[in-house]
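Please read the structure below before turning to the comments.
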Amino acid sequence: MSRLSLAGRLLLVAAVIGAIDIVLCGIVLLGNARTATAVEVDANLGLARDYVIATVGSLLRGNDPEDVLSILPDTLYQPRHARITVIDAKTGMVHVAGPPSQDEESAPDWFRQLLAPPEKTVILPIRVASDTSGKVIISSDPNDEINEVWEDVRTLAVFGGTAYAATLLALWLVVRRTLRPLARMTEGVERLGSGDYATRIGAVDVPDLALLASQFDHLGAALERTIAEKDDLNRRAVSVADEERKAIARELHDEFGPCLFGLKVEARSILDSSVRDGKSGIAASAQSILAITDQIQRTNQALLSQLRPMELGQLPLSGALEDLADTMSGLGPDIDWTIDIDPDFGSYDDTTELTVYRVAQEALTNALRHSGARRIELVARRDPRRPGVAQIIVSDDGRGLAAGSAPGNGIRGMRERVASIGGRLTIGPSAEGGVRVEAEVPLEGVAMQEAI
Ligand SMILES: Nc1ncnc2c1ncn2[C@@H]1O[C@H](COP(=O)(O)OP(=O)(O)O)[C@@H](O)[C@H]1O
Ligand SMILES: [Mg+2]
């Protein structure tokens, strides 16, 4: 029962109640019919007896008593529910007058046995003068009464059965129609759960479910608004941070770069003149100023590329990714690297390029730092089914994510970046037991919901 649907349960309950009803009606009906048959047959047996006595009496008045028994069978007509047998003791002739033999419409044996009252017989001895010259035996015969009841039961069964089936069918249709909005709601909840926040159920013409449906739609609208606001906030947060980094990088580049260059030129000229004048102490100091300046320059370069990868904006996205892959593979020379970058990635808006680049950079860095992998693969391509969507896949054959390991700033950052431009990030086990990071990023401002 617990596995049955609501429609199934209602139908089952209705069917069982209906069946019990039919059985009870049948029992009551048959009980009454049995009593009625017995009463009817008894009454008719009495009538038949009176009728035979009256007929014999009237025959005695107009005929020779010797002939009465031979005339009697032809004079008697067939009474209801009784069989009359006339036995002429003198001639030994037996005449039977009874109901006609059963026709095709007659009740089956089991029904007959169910209704038939016990057989009763009345024997009337016929005396002519003093000796018994014969007898009339009248026995009850309920067959045609039972056949009538059988006819009634059959008619009732046809009508009752049709009404029963029609009730169940109507119930099933009504329940199915009533519950149809529930299927729509279930589908709506599933779609909402899978991220289709524009899902609405719409008007429902079943009053009991209409309120639920409209509340669902309100909830869906509120959720869609909240998610849109969150995405917008995320987008702005990421782009503000990017802008800030870009500004700092510009300052570092524009201010520090020339200053450091000037410092180096000045230090070199001090070095040159002090060498010329044989002032070795000053020369040594100039040398160390040069070394320190080199160090600051290198740090500045590293800082710059962290704040904003130089390749972006100068190279197409595919070129920037190739550079990144080169740098990364240089950091893990013993690892078997597979790099597959679609050369058709051109130039996109700042945020998109930075997102793709940062995801690849973080996923590759994680694979290098945490996985202990012998093989790392980077695939950057357009989704074959959705050319407006870029797929960045980084997979390794390393130790995989430790059970219960919480995402750190790197994974959180990837998620935020990808979500902020309406993309999707999936992190799971790779086919080789390591980690597989897949980012789907809409290019050219294609929203993922529409692109899917
Ligand atoms: N490719 C990987 N293989 C194994 N573990 C990983 C991999 N990538 C990430 N992890 C695990 O997930 C944790 C969180 O990663 P992340 O958010 O990038 O932070 P971080 O790199 O700063 O530790 C890591 O500390 C590491 O334990
Ligand atoms: Mg990391």
Subject >> Exposure of Ser288 as accessible area (Å², to 10), given a probe of 1.4 Å and all protein chains >> reply: 60
Original post:
With labels modelled as points extended 7 Å from the Cα through the Cβ direction, what inter-label distance (nm, one decimal) is found for Ile123 paired with Arg298?
Top reply: 13.9
**OP:** Calculate, for the chain, the solvent-accessible area per residue in square angstrom, rolling a 1.4 angstrom probe over the heavy atoms of the protein chains.
**Re:** 59
Original post:
If you project the alpha carbons of the stretch 207-303 onto their three principal axes, what span does each projection cover, largest first, in Å?
Top reply: 103, 16, 11
Original post:
Using a simple spin-label model with points 7 Å from Cα along the Cα→Cβ vector, what separation in nm is obtained for Ala431 and Ala291?
Top reply: 5.2
Subject >> Model label zone, Gln306; criterion: amide N under 18 Å from point 7 Å along Cα-to-beta-carbon; scope the stretch 251-273 >> reply: 251-254, 256-257
Original post:
Under a plain spin-label model, where a point goes 7 Å from the Cα along Cα-to-Cβ, how far apart in nm are Arg381 and Ala210?
Top reply: 5.3
**OP:** Subtract the Cα-Cα distance of Ile137 and Val39 from 0.36 nm times their separation in residues, and report this length gain in nm to one decimal.
**Re:** 33.3 nm
Subject >> Span-like helix ranges in the chain, DSSP H, alpha carbon extent 15 angstrom or more, Kyte mean at least 0.5 >> reply: 6-62
Original post:
Among the aspartates and glutamates, which fall within straight-line cross-link reach of Lys246, defined as a Cα-Cα distance under 17 Å, with same-chain neighbours fewer than 8 residues apart omitted?
Top reply: Asp254, Glu255, Glu311, Asp349, Asp350, Glu353
Subject >> Computed lengthening from Arg154 to Arg225, 0.36 nm per intervening residue step minus Cα-Cα distance >> reply: 18.9 nm
Subject >> Quotient of Cα Rg and 2.2 N^0.38 Å for the stretch 6-169, N being how many residues it contains >> reply: 1.52
**OP:** Give, as ranges by residue number, the residues of the stretch 1-42 whose backbone N falls under 12 Å from the point 7 Å along Cα→Cβ of Leu182.
**Re:** 4-11
Original post:
One-quarter of the Cα convex hull surface for the chain, in nm²?
Top reply: 41.7
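The values are calculated or read from the model by the stated rules, or taken from the named source; none is laboratory data. Model, not experiment: these values are computed from the prediction. Neighbour counts run over all protein chains shown; Cβ positions are idealised from the backbone, glycine included. For the accessible areas, the whole protein counts, side chains as well, though only heavy atoms, and no ligand, DNA or RNA atoms are used. Shrake-Rupley method; radii C 1.70, N 1.55, O 1.52, S 1.80 Å.
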